[in-house]
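S.K.: Here it is: the structure, laid out below.
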Amino acid sequence: MIKKTLAFSGMLLALALVTSPVLAQTTATTAEVMPPATVAVKISCVGAAVATREAAIDAAVTAHATAVSAAYTTRATELAGAYSNTTSKTVQVGVKTAWADFNKSVKAATATWRTSRNAAWTAFRTTAKSCKAPAGVSDSANSASEVSGS
């Protein structure tokens, strides 16, 4: 019985010695497929795409704010002109024109903001996808948190 156990133990030892190099090769091959440096490069790629998107959104927000501010300034000027009239009818026409111009300007600024925002997110998604980073690295799920611009 002891001889059989020793023979069986010897076979296990021989099997372990034969399979160890195979397991080591499998581990090395797996590490070669996606080393940590490659993951870091992919994450860095997404980070660069985020920075580009944020710069584009910042520029779009600035343009929107400038356009809305100009709309308010123009409205104030037009309303001041309307109230410098001496008849009710001319005041009403001037007020109506001032508010109509204001609404058109704000609507145009909002449309431009939305177009710019959407273009920034679309470009980001395309670039981030090409980075082939691990799942969960992108912040695309937060795009609905953007301000509407209205």
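S.K.: Identify the single condition in (1) within 39 Å of the chain's Cα centre (by Cα); (2) among the basic types (Lys, Arg); (3) at pLDDT 95 or above that residue 96 does not satisfy, given that it satisfies every other one.
M.R.: (1)
S.K.: Going by the conditions given, is residue 31 within 35 Å of the chain's Cα centre (by Cα), at pLDDT 95 or above, assigned to a helix (DSSP H, G or I) and under 30 Å from residue 133 (Cα atoms)? Walk me through it before giving the result.
M.R.: Working: within 35 Å of the chain's Cα centre (by Cα): yes; at pLDDT 95 or above: no; assigned to a helix (DSSP H, G or I): yes; under 30 Å from residue 133 (Cα atoms): yes.
Taking the combined requirement at face value, the residue does not satisfy it.
S.K.: Go through (1) buried (at least 16 other Cβ atoms within 10 Å of the Cβ); (2) closer than 26 Å to residue 144 by Cβ and name the single condition residue 63 misses.
M.R.: Going through the list (1) buried (at least 16 other Cβ atoms within 10 Å of the Cβ); (2) closer than 26 Å to residue 144 by Cβ, residue 63 breaks only (1).
For (1) closer than 27 Å to residue 45 by Cβ; (2) touching a strand residue (DSSP E or B) at 6+ places or on another chain (Cβ under 6 Å); (3) without any contact (Cβ under 8 Å) to a residue 24 or more places away in the chain, each residue gets a yes or a no:
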| site | (1), (2), (3) |
| --- | --- |
| 79 | no, no, yes |
| 88 | no, no, yes |
| 112 | no, no, no |
| 115 | yes, no, yes |
| 123 | yes, no, no |
| 129 | yes, no, yes |
| 136 | yes, no, yes |
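S.K.: Ok, one more. If residue 85 passes every condition in (1) over 29 Å from the mean Cα position of the chain (by Cα); (2) assigned to a helix (DSSP H, G or I); (3) surrounded by 11 or more Cβ atoms within 10 Å (Cβ to Cβ) but one, which one does it miss?
M.R.: Failing condition for residue 85: (2).
S.K.: Mind telling me which of the residues 46, 68, 106, 39 ends up being crowded, with 16+ Cβ neighbours inside 10 Å, β-branched (Val, Ile, Thr) and closer than 24 Å to residue 141 by Cβ?
M.R.: Details: 68 fails: closer than 24 Å to residue 141 by Cβ; 106 fails: closer than 24 Å to residue 141 by Cβ; 39 fails: crowded, with 16+ Cβ neighbours inside 10 Å.
Of the residues listed, the single one that is crowded, with 16+ Cβ neighbours inside 10 Å, β-branched (Val, Ile, Thr) and closer than 24 Å to residue 141 by Cβ is 46.
S.K.: Next question. Here is a check on your reading of the model: is residue 60 touching a residue at least 24 places away in the same chain (Cβ under 8 Å), touching a His at 6+ places or on another chain (Cβ under 6 Å), within 30 Å of residue 141 (Cα to Cα) and not charged (D, E, K, R)?
M.R.: Details: touching a residue at least 24 places away in the same chain (Cβ under 8 Å): yes; touching a His at 6+ places or on another chain (Cβ under 6 Å): no; within 30 Å of residue 141 (Cα to Cα): yes; not charged (D, E, K, R): yes.
No, not satisfied.
S.K.: Taking the condition touching a His at 6+ places or on another chain (Cβ under 7 Å) and free of Cβ contacts under 8 Å to residues at least 60 places away in the same chain, does residue 71 pass? Break it down stepwise before answering.
M.R.: Details: touching a His at 6+ places or on another chain (Cβ under 7 Å): no; free of Cβ contacts under 8 Å to residues at least 60 places away in the same chain: yes.
Judged against the criteria, residue 71 is not a match.
The values are calculated or read from the model by the stated rules, or taken from the named source; none is laboratory data. In this text the structure is predicted, and so the values were computed from the model without any measurement. All Cβ positions, even for glycine, are placed from backbone atoms using ideal geometry, and neighbour counts span all protein chains on display.
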